[in-house]
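The values are calculated or read from the model by the stated rules, or taken from the named source; none is laboratory data. This one's a predicted model, so the numbers in the text were calculated from it and none came from an experiment. Don't worry about glycine lacking a Cβ; one is built from the backbone with ideal geometry, like all the others, and counts go over all protein chains shown.
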Amino acid sequence: MLNEIVESDAAEYQRIKSLSAFDLDYHELQEEFKSLVELAAMIAGAEMSVINLIDNYYQWTVTSFSSKLLQMPREESICDRTIRSHEPLEIKELDKDPVYYDRGFIDGDSGFNYYLGIPLTLKSGDNIGALCVLDKNSKEISDRNKAMLRLVASEIVNKLELKRKIDETLFSLNTAVKIKNQVAHDIRGPITGITGLAEVAATEDSSKEEMKQYFKLIKDSGDSVLEHTNDILKNGLKNDPVQVKNINLKQLKEKLLKLYRLPARSKNIDFQIRINPEKANLIFSRRKLLSVFGNLISNAIKFTPANGKITVDLDVLYLDNGKYLNFVITDNGVGMSKKALAEFKEHKLNATKGTLGEQGFGLGLKLVQDMVRESYGEMDISSCENAGTKIEVKLLLN
């Protein structure tokens, strides 16, 4: 829906949408990219290297020197500056840099004074993050080694792209199997009725031999179609265990807590996730859930003041038109004015700073709105200024 976004925001919207398309669980990336991270540090002769992926709210760090997932608000990140260009950003002495000298990067055991960031650029041209080389001391890295680091960055992008394509292919295969089985079920009923009718007609006494032969042909033809249908069902059942990313309510709760408990704790926010215990183990596809719900939780954290409260309720609903995952997030944050809420519903964007001055682009809710629409879901938002916000999302489960 880029035509609904002013031109100055279009590139950033496309960038975060491209990152969301990877549907990443950042915890899972640590082990997958460990060797490439270590290789980059060896090439540069540096103490450490990291991969930083930047969404609408946070920088997520993939590294080999910590088993914990590291994150920070994107406005505090050097890489937020790196991704604004397609050229590497090198800062040889952070303690003398007018922008970053007092940001705390050089402090502690994991502190660093040298920074080299290489954008992670997709084929679309979108920069989703950066490969970073870090060291406590200033360094001189040769042009040859910088070129090699660019190759490592390209390999990281290629690996992410491959991961996305495999996930999408498995999802498509799983969907195809379900459709094949559904089609078989849908046609078996009518065909069974036809063959039953033909069988009755064929056994009745009739002086019209031609009519008997006609009904016999109907029966034979129907039996053949029914036989083929049973074959489709049999093969479909054999193909059912396609290895897609599945999850249940209990696991989804645990993943969301792992990803967003620390950002909430940094503002002393009471962050709770509740699930329907009767449906805790009901399995469904994980596809796009972390991207949609992560954006909503991040947005709530941003606009909820210190010592506030955020509650997420998860449930599975059986409605007339299908099975839906129901996600309701409620906060007691700053809320939205009637004017701001009306403008959002009219697809107008307003960049707003968070309660601690967090940078805002006004794109997070827009992205969620579009993703929900693309997934044939529903999203409803209610909010009052200085009285918090409640957002409910229903996503059709496959």
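Taking residues in the stretch 85-111 that are surrounded by fewer than 16 Cβ atoms within 10 Å (Cβ to Cβ), and partners anywhere that are in a loop (DSSP other than H, G, I, E, B), the pairs with Cβ atoms closer than 7 Å and at least 6 places apart or on different chains are GLU93/ASN113; GLU93/SER138; ASP95/TYR101; ASP95/ILE106; ASP95/ASN113; GLY111/PHE105; GLY111/LYS136. Set side by side, the residues SER285, SER298 differ, and just one is at pLDDT below 95 and buried (at least 19 other Cβ atoms within 10 Å of the Cβ), which is SER298. Identify the residue in the stretch 112-157 that is of a type in the set (Asp, Glu) and over 23 Å from the mean Cα position of the chain (by Cα) and, among all such residues, is surrounded by the most Cβ atoms within 10 Å (Cβ to Cβ). By that ranking, first place goes to ASP135. Of all the residues in the stretch 1-29, those that are part of a helix (DSSP H, G or I), in contact with a Leu (Cβ under 8 Å, 6 or more places away or on another chain) and either at pLDDT below 85 or of a type in the set (D, E, K, R) (or both) number 5.
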